[in-house]
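Accompanying notes for the structure given below.
Just so you know, all these numbers are worked out from the coordinates, no wet-lab data involved. These numbers were taken from a predicted model, which means no experiment stands behind them. Here the Cβ positions follow ideal geometry from the backbone for every residue, glycine too, while neighbour counts run over all protein chains shown.
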Amino acid sequence: GNSVTQMEGPVTLSEEAFLTINCTYTATGYPSLFWYVQYPGEGLQLLLKATKADDKGSNKGFEATYRKETTSFHLEKGSVQVSDSAVYFCALSGKNTDKLIFGTGTRLQVFP
Amino acid sequence: DGGITQSPKYLFRKEGQNVTLSCEQNLNHDAMYWYRQDPGQGLRLIYYSQIVNDFQKGDIAEGYSVSREKKESFPLTVTSAQKNPTAFYLCASSIPGLGHNEQFFGPGTRLTVL
């Protein structure tokens, strides 16, 4: 069945460091891929998405490229801020379904 | 402002009691979802509904029940049959779109069973 694997955290960085959070997936067909972010005590909000191979999603300085050949959707940001501290979830939705399958989440901690 | 509301934010119940969590949306979305979040396990789907008066079990439906009598509302009941109900519960909604559309999440309800 479909699944998402993301790197375990926490990821601890200093402000202005480069961020990569790895995400790989297993799915039949061509899923849509998403990154959601959860700030402490809140629900999830969409950070970015890509719906077909080679698409790049971007928002608030974050980017992720849908790589079919490596079944990956790694999240990157060139210079993190303290305010980026949160839990990041990679997710996919399979062909012809709106149900999301989530990874286990990666906690990011950014220190000044 | 359009959005999803969940109430209450914190809920405490004694073991053996049923409890109902509220979820309301004014986004005019047809689809609604309930997830459970436990530390280190990500989100797991409990129930979902794609249209009024219809809903389907997700991956962990045992011990839970739902109703969808109105488009705006999708309450979740945690029954006494749920063996480990203490968790963070998240409600979401979306426009059906064959997997391309984002889900919008509420702020969540943290349930603690004593």
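Taking GluC sites (Glu not before Pro) across the range B:24-114, the ones in a DSSP loop with at most 13 further Cβ atoms lying within 10 angstrom of their Cβ are B:Glu62, B:Glu69.
Please say if the range B:1-102 is rounded, prolate or oblate, where rounded means a/c under 1.5 for a ≥ b ≥ c the square roots of the C-alpha gyration tensor eigenvalues, and otherwise the choice is prolate for a/b larger than b/c and oblate otherwise? It comes out prolate by the Cα gyration axes. When you filter the chymotrypsin sites (Phe, Trp or Tyr not before Pro) in the range A:1-86 for DSSP loop state and at most 11 other Cβ atoms inside 10 Å of their Cβ, you are left with A:Phe18.
Applying 1/(1 + (r/R0)^6) with R0 = 30 Å to the Cβ-Cβ distance of B:Ser7 and A:Thr28 gives a FRET efficiency near 0.20. Spacing of the modelled spin labels on A:Lys68 and B:Thr86, each 7 Å from Cα toward Cβ, amounts to 4.7 nm. Largest first, the three principal axis extents of the alpha carbons in the protein assembly as shown are 48, 39, 36 Å in whole numbers. Each residue, A:Asn59 and B:Asp38, gets one label point 7 Å from its Cα in the Cβ direction; the gap between the two is 2.9 nm.
Scalar couplings 3J(HN,Hα) for the range B:76-92, obtained by applying the Karplus form with A = 6.51, B = -1.76, C = 1.60 to θ = phi - 60°, are 10, 9, 9, 8, 5, 7, 6, 6, 9, x, 5, 5, 9, 10, 10, 9, 9 Hz; x denotes Gly and Pro. Taken along its principal axes, the alpha carbon cloud of chain A reaches lengths of 43, 28, 21 Å, longest axis first. Positive contributions from Lys and Arg (+1) and negative ones from Asp and Glu (-1), summed over other residues with Cβ under 14 Å from the Cβ of B:Glu62, come out at +3. When the pairs A:Lys95/B:Lys9; A:Lys68/A:Lys95; A:Lys49/A:Lys95; A:Lys60/B:Lys71 are compared against a 26 Å limit on Cα-Cα distance, A:Lys95/B:Lys9; A:Lys60/B:Lys71 fall above it.
Based on alpha carbons, the Rg and Dmax found for the range B:52-95 are 11.3, 33 Å.
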